[in-house]
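Written out below as structure tokens is the structure these notes cover.
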Amino acid sequence: MFNLSQREYSAWGTALALLVFGGLYVHSFWRLWQDDGLGGAGAFGLLLGYTIGLVVVLVIYHVVLALLTGSEPADERDRLIEWRSGYLGGLVLAFGVISIVIQIFLEGLLDIGHLQSPLAIAHALLLVVFLATFLELGLKLFYYRHGIRGS
């Protein structure tokens with residue numbers, strides 16, 4: 001089909017699934033919020049449903065991918081790409097989580113509570129995880145196509 005490795009197909013499929021499920025989640029969340037149906041149970045049910053859906057789709061995709069492409073052992077380049085993209089994605093995740101914690105602390109100290117509700121905190125953290133994961137996948141795809149320089 002295309003000249004991609006199994007790991008590139010995996011990254012493309014995961015990124016596409018994240019975009020689709022993330023977009024559907026944001027759309028559903030927005031509609032619930034507009035209709036004032038966004039309580040703790042409604043938000044949790046929505047998150048749980050989309051999480052289960054995403055996991056099921058990714059498991060099926062990766063099983064089919066493994067059956068079609070076979071198993072490829074990771075070589076030095078694969079391990080370097082995994083490490084570099086995971087490291088940078090992890091830095092974004094750590095920065096985002098620490099920023100949210102500092103914001104919560106400062107808002108509590110100054111009593112200006114924009115991010116004091118557990119629902120807002122959970123969604124801020126979910127956004128950080130989504131951005132870090134998407135950055136990691138994007139970096140993997142970039143490194144597979146263009147190589148890693150300076151390593």
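Tabulated data
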| item | result |
| --- | --- |
| Within segment 18-128: Cβ-based charge dipole about Cα centre, in debye rounded to nearest 20 (Lys, Arg +1; Asp, Glu -1) | 80 debye |
| Relative contact order [Cα under 8 Å, 6+ residues apart], segment 73-145, whole percent | 47 percent |
| L131-V59 FRET efficiency (beta carbon distance; Förster radius 25 Å; 0.05 resolution) | 0.60 |
| For peptides 126-139, 22-35, sequence by mean Cβ density within 10 Å, most packed first | 126-139, 22-35 |
| The chain: calculated mean residue ellipticity at 222 nm from DSSP helix runs of at least 4, using -39500 (n - 2.57) | -29500 deg cm²/dmol |
| Segment 73-145: proportion of alpha-carbon pairs further apart than 21 angstrom, % | 41 percent |
| Cα pair count fraction exceeding 24 Å, expressed as % - the chain | 47 percent |
| Dimensions (Å) - segment 1-73, Cα atoms, principal axes, largest first | 49, 18, 16 |
| Among V64, F105, S5 - extreme Cα towards positive end, dipole of the chain, charges at beta-carbon | S5 |
| Dipole moment magnitude, nearest 20 debye, segment 73-145 about Cα centre, only Lys, Arg, Asp, Glu C-beta charged | 240 debye |
| Candidates per trypsin sites (Lys or Arg not before Pro) in segment 51-151, loop by DSSP, up to 15 other Cβ within 10 Å | R149 |
| Rel. contact order, % - alpha carbon contacts under 8 angstrom, at least six apart, segment 1-85 | 45 percent |
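Here, each number is a calculation from the coordinates, and none is a lab measurement. This is a predicted model, so every value here is computed, not measured. Using ideal geometry, Cβ is built from the backbone for each residue, glycine included, and neighbour counts are taken over all protein chains shown.
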